[in-house]
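I'd like to ask some things about the structure below.
The values are calculated or read from the model by the stated rules, or taken from the named source; none is laboratory data. Predicted model, so just to flag it, every value in this text is computed and none were measured. All Cβ positions, even for glycine, are placed from backbone atoms using ideal geometry, and neighbour counts span all protein chains on display.
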Amino acid sequence: MLRMIDVSVNYGHFRALKKISLEVNEGEMVALLGANGAGKSTIFQTISGLIKPAGGAIEFMGKRIDGLPPDQIVRLGVSQCPEGRHLFPQMSVYKNLILGAYVRSADRKGTAETLQEIYKLFPILEEKKNDPAGSLSGGQQQMLAIGRALMSRPRLLLLDEPSLGLSPLVTKEVFRVVKEINRAGTMVLLAEQNANVALRLVGRGYVIENGEIVLEDSSRGLLSNAQVKKAYIGA
Amino acid sequence: MDLFLQQIINGLTTGSIYCLVALGLTLVYGVMHLPNFAHGSLYMMGAFITLTLIKSSGLNYWLAMLASAVALAAIGIAAERLVFHPLRNAPHANNLIAAVGLLLFLEGLAHVIWGPEFWQLPTPYDRVVQFLGLTITQQRLFIVAATLVLLAGLYLFLKKTLVGASIEAMSQDRKGASLVGIKVSRVSMLTFAIATGLAAVAASLAGPINLVYPSMGHIVILKAFVIIVLGGMGSLPGAVLGGYILGLAESMGATYISMAYKDLIAFAILVLILSLRPTGLLSGGVK
């Protein structure tokens with residue numbers, strides 16, 4: 001399980017995260033809701049080791065991971081599919097996926113197996129395996145980004161705004177697969193602005209505002225919460 | 001016609017040297033977003049180390065060039081660790097200033113160790129061959145052949161190995177590379193080592209036809225910058241293409257226009273191409 005305890009992050013004098021505490025338990029899928037700039041991506045970057053926290057602790061499977069370099073965090077089983085995807089645009093789909101398994105490159109057989117699993121989840125990726133990643137449509141790129149993140153066989157997948165810029169139909173398809181990934185045993189922490197969609201998928205959620213957790217509840221509780229409705233669902 | 005063919009050969013020779021220098025420059029730029037002004041001084045160090053090894057220990061030309069490439073790779077790694085790595089989070093201007101500082105330091109060092117004289121690098125390939133009625137020194141053929149072998153090797157390394165892919169990945173998306181677990185500092189060191197190693201080979205190849213002296217890197221680095229701007233910053237095929245275009249244009253210009261304006265041609269081409277295609281011929285690699 002993942003546990004953040006009172007994690008604070010500063011950007012210069014600006015306090016981007018204020019004593020964030022959250023957890024994702026074995027088998028869970030948890031949503032992180034909040035507007036643009038609330039701090040969702042900062043939380044993800046901090047978990048992945050791209051930003052060093054100014055205070056607090058992050059534990060994964062009982063081990064402190066704050067302060068570790070990003071590659072070791074991936075090795076421990078935390079993989080991030082970042083906002084904006086950050087694919088390698090001039091490389092083929094296949095090569096992007098293979099690089100996703102960079103930390104376990106010694107395990108050739110296992111990598112080949114995982115690759116087949118990803119192709120099964122997203123058949124379009126196998127069809128387009130020789131095309132440069134930059135030539136794919138937005139939805140296909142998002143699938144590739146998720147596929148690449150799964151190539152390291154993570155125990156926890158950090159999924160940052162996967163629905164951004166996708167049509168409702170493609171979003172549905174992407175989330176169907178995310179649900180499948182979670183059912184197979186991978187923990188998922190999902191950051192979304194689209195609370196309506198996210199809350200139908202997860203068990204629990206946190207609401208972030210200005211770098212602080214202001215609300216924490218089951219998805220049912222959040223869906224019926226008047227504040228959440230007003231701010232994130234628009235109903 | 002003979003003169004024309006002769007100039008093609010000369011252009012390919014100079015172009016090969018340009019290619020190797022520009023490739024290193026563009027690799028470092030692609031991965032670290034650093035325009036390394038000191039690249040020309042590292043090239044100069046490569047020439048002097050080869051020269052010293054041949055003159056003082058009588059090492060064979062090949063072995064001396066190889067040893068010099070290894071030595072420069074080590075110097076490149078040291079430069080990355082001691083100069084650029086500590087500045088990785090600093091404002092961009094600091095990197096530029098540090099690169100100029102490194103340039104001045106290396107040049108000063110060369111003056112102290114080897115003095116300001118001009119040297120010629122001895123080569124075993126100093127004979128002349130007759131080919132299709134042309135007179136070509138073996139060294140020129142050797143330069144072109146060696147460059148082609150290196151280009152093929154670099155291509156295979158980048159496209160067919162995982163380590164090579166990690167370099168490409170970092171130049172295409174730095175954050176994406178970190179998130180799949182590629183070690184940024186290891187790739188930076190490796191990139192520097194390859195770039196400076198290539199520079200050492202280029203300098204050792206050019207040493208017998210040009211001269212070796214402490215400021216020999218100046219004009220080379222200027223041209224290498226023209227080439228990578230021409231080819232598209234961070235683009236490896238662009239660096240190769242730009243290198244040969246420049247080499248050929250210079251030798252043609254020197255023959256048919258004027259020898260005195262040889263070095264001007266590079267900059268005339270730069271102005272011309274940038275006004276037609278501001279992003280360079282083959283922009284890519286770096287977004």
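Quick check on A:ARG148: is it touching a strand residue (DSSP E or B) at 6+ places or on another chain (Cβ under 8 Å) and either among the aromatic types (Phe, Trp, Tyr) or within 18 Å of A:SER79 (Cα to Cα) (or both)?
Numbers: touching a strand residue (DSSP E or B) at 6+ places or on another chain (Cβ under 8 Å): yes; either among the aromatic types (Phe, Trp, Tyr) or within 18 Å of A:SER79 (Cα to Cα) (or both): yes.
Criteria met by A:ARG148.
What is the one condition in (1) assigned to a loop (DSSP other than H, G, I, E, B); (2) more than 8 Å from chain B (Cβ to nearest Cβ); (3) under 26 Å from A:GLY138 (Cβ atoms) that A:TYR94 does not satisfy?
A:TYR94 satisfies all of (1) assigned to a loop (DSSP other than H, G, I, E, B); (2) more than 8 Å from chain B (Cβ to nearest Cβ); (3) under 26 Å from A:GLY138 (Cβ atoms) except (1).
Within the stretch B:110-117, can one find any residue that is over 30 Å from B:ILE9 (Cβ atoms), within 14 Å of another protein chain (Cβ to nearest Cβ) and not in a helix (DSSP H, G or I)?
no
Please indicate, with yes or no, whether at least one residue in the stretch B:218-234 is surrounded by 22 or more Cβ atoms within 10 Å (Cβ to Cβ), within 14 Å of another protein chain (Cβ to nearest Cβ) and under 14 Å from the mean Cα position of the chain (by Cα).
Yes, the conditions are met somewhere in the stretch B:218-234.
Another question, then. If only one of B:SER178, B:SER171, B:SER185 is of a type in the set (Gly, Ala, Ser), within 10 Å of chain A (Cβ to nearest Cβ), buried (at least 17 other Cβ atoms within 10 Å of the Cβ) and in contact (Cβ under 8 Å) with a residue 40 or more places away in the chain, which one is it?
B:SER171
Within the stretch A:130-139, restricting attention to residues that are buried (at least 16 other Cβ atoms within 10 Å of the Cβ) and at pLDDT 95 or above, which residue is nearest to B:ASP173 (Cα to Cα)?
Per the criteria, the residue is A:ALA133.
Determine, yes or no, whether B:LEU158 is more than 10 Å from every other protein chain (Cβ to nearest Cβ), of a type outside the set (Phe, Trp, Tyr) and either touching a residue at least 24 places away in the same chain (Cβ under 8 Å) or out of contact with any Leu (no Cβ under 6 Å at 6 or more places or on another chain) (or both).
The answer is yes for B:LEU158.
I would also like to ask the following. So A:ALA145 fits all but one of (1) in contact with a Cys (Cβ under 6 Å, 6 or more places away or on another chain); (2) closer than 23 Å to A:MET4 by Cβ; what number is the exception?
Looking at each condition in turn, A:ALA145 falls short on (2).
For the subset of the stretch B:124-168 comprising residues that are among the hydroxyl-bearing types (Ser, Thr, Tyr) and in contact with a strand residue (DSSP E or B) (Cβ under 9 Å, 6 or more places away or on another chain), which member is surrounded by the fewest Cβ atoms within 10 Å (Cβ to Cβ)?
That would be B:THR135.
Conditions: (1) in contact (Cβ under 8 Å) with a residue 40 or more places away in the chain; (2) on the phi > 0 side of the Ramachandran plot. B:LEU106 meets all but one. Number of the miss?
Here B:LEU106 clears every test but (2).
Just to check your reading of the model, which residue among B:TYR43, B:TYR61 is at pLDDT 95 or above and within 20 Å of B:LEU150 (Cα to Cα)?
B:TYR43
From the residues in the stretch A:159-181 that are buried (at least 21 other Cβ atoms within 10 Å of the Cβ) and acidic (Asp, Glu), which one is farthest from the other protein chains (Cβ to nearest Cβ)?
Once the filter is applied, the top-ranked residue is A:GLU161.
Pairs needed: first member in the stretch B:257-269, of a type in the set (Val, Ile, Thr); second member anywhere, not in a helix (DSSP H, G or I); C-beta distance under 8 Å; at least 6 residues apart or different chains.
Close Cβ pairs satisfying both conditions: B:ILE265/B:ILE257.
Every residue in the stretch B:162-206 that is over 30 Å from B:TRP119 (Cα atoms), touching a Gly at 6+ places or on another chain (Cβ under 6 Å) and modelled with pLDDT of 95 or more, please.
Matches in the stretch B:162-206: B:VAL180 only.
Table: residues versus (1) part of a strand (DSSP E or B); (2) within 14 Å of chain B (Cβ to nearest Cβ); (3) under 22 Å from A:ILE47 (Cα atoms); (4) at pLDDT below 95.
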| position | (1), (2), (3), (4) |
| --- | --- |
| A:ALA57 | yes, no, yes, no |
| A:SER79 | yes, yes, yes, no |
| A:GLY84 | no, yes, yes, yes |
| A:GLN90 | no, yes, no, yes |
| A:ALA106 | no, yes, no, yes |
| A:THR114 | no, yes, no, no |
| A:GLU126 | no, no, no, no |
| A:GLY147 | no, yes, yes, no |
| A:LEU157 | yes, yes, yes, no |
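Hey, another quick one. Is it the case, given these coordinates, that A:VAL24 is β-branched (Val, Ile, Thr) and within 14 Å of another protein chain (Cβ to nearest Cβ)?
Spelling it out, it is not the case that A:VAL24 is β-branched (Val, Ile, Thr) and within 14 Å of another protein chain (Cβ to nearest Cβ).
If you don't mind, another one. Give the number of residues within the stretch B:43-94 that are surrounded by 13 or more Cβ atoms within 10 Å (Cβ to Cβ), more than 17 Å from B:ALA110 (Cα to Cα) and of a type in the set (S, T, N, Q).
1
Please count how many residues of the stretch B:1-23 are under 8 Å from the mean Cα position of the chain (by Cα) and more than 25 Å from B:TRP114 (Cα to Cα).
Qualifying residue count for the region: 3.
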